[in-house]
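Each remark here refers to the structure printed beneath this line.
The values are calculated or read from the model by the stated rules, or taken from the named source; none is laboratory data. All of these numbers come straight from a predicted model, not from anything done at the bench. Because the Cβ atoms are built from the backbone with ideal geometry, glycine has one as well, and the counts that use them run over all protein chains shown.
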Amino acid sequence: MARAGLTADRVTAAGAELADEVGLEHVTMSAVARRLSVKDASLYVHVRGLEDLRGRIALLAADEKTIRIAEATAGRAGKDALVAFADAWRSYAHDHPGRYTATQVPARIDPELAARAPGPRRAIELTYSMLRAYALAEPDLTDAVRLVRSTLHGFVSLEAAGGFAHARPAADSWARCLDALHALLERWPAREGDPS
């Protein structure tokens, strides 16, 4: 019998909070059960296991991050949109390190649950929309999306791991990286053999 008040959403939220505190790799069903003051078996009424829980945390985080980015970029275009997008991405990774990690780790997610979660799909739409001002056509647009995601994820991951030991503040390098990314997007190189 399910414990009163315990739901899949509450279990997911508890797992997400724990991930931010101790790291996603340290989230276990037992640790989540202790946080909720229930027996381990009570969780399995609401989630199928650790892989399912991690997938749910990833979907929750994707929704949260997407909302933050959407609010930051609303009404902006060009470099303003790029900077707002990137800053929202970075602040989410700083504020919720465990949840952010969950969005980057492949997990087996229930297809029905994934289909109802707007975050991942909306994140892709927001990225393409943010890049619209750079007037890139396919396949360059997809390549630009991948470049932006790789740049942002690479920076925040290195930063989180303590990879920037130089005295120069990481925030200063972040701003210059965004300047360089904007300049590249504005002057996207032509493909070899492309007459345009």
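Screening ALA190 against (1) of a type in the set (A, V, I, L, M); (2) more than 19 Å from ALA88 (Cβ to Cβ); (3) modelled with pLDDT of 95 or more leaves a single unmet condition, (3).
Consider ILE124 carefully, then state whether it is of a type in the set (A, V, I, L, M) and in a loop (DSSP other than H, G, I, E, B). So ILE124 does not fit the description; no.
For every residue, the table says whether it meets (1) among the small types (Gly, Ala, Ser); (2) in a helix (DSSP H, G or I).
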position	(1), (2)
HIS94	no, yes
GLY98	yes, yes
ILE109	no, no
LEU141	no, yes
ARG146	no, yes
GLY162	yes, no
GLU192	no, no
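Scanning the range 127-139 for residues that are more than 19 Å from ALA62 (Cα to Cα) and assigned to a helix (DSSP H, G or I) yields LEU131, ARG132, ALA133, TYR134. The residue that is farthest from ASP95 (Cα to Cα), counting only those in the range 43-77 that are in contact with a Leu (Cβ under 8 Å, 6 or more places away or on another chain) and assigned to a loop (DSSP other than H, G, I, E, B), is VAL45.
Note on the range 2-42: residues that are more than 10 Å from LEU53 (Cβ to Cβ) and in a loop (DSSP other than H, G, I, E, B) amount to 10. Taking each residue of the range 26-40 that is under 9 Å from ALA14 (Cβ atoms) and looking for partners that are part of a loop (DSSP other than H, G, I, E, B) and among the aliphatic types (A, V, I, L, M) with beta-carbon atoms closer than 7 Å, six or more apart or interchain, yields LEU36/LEU6. All of (1) within 30 Å of VAL47 (Cα to Cα); (2) modelled with pLDDT of 95 or more hold for GLU138 with one exception: (1).
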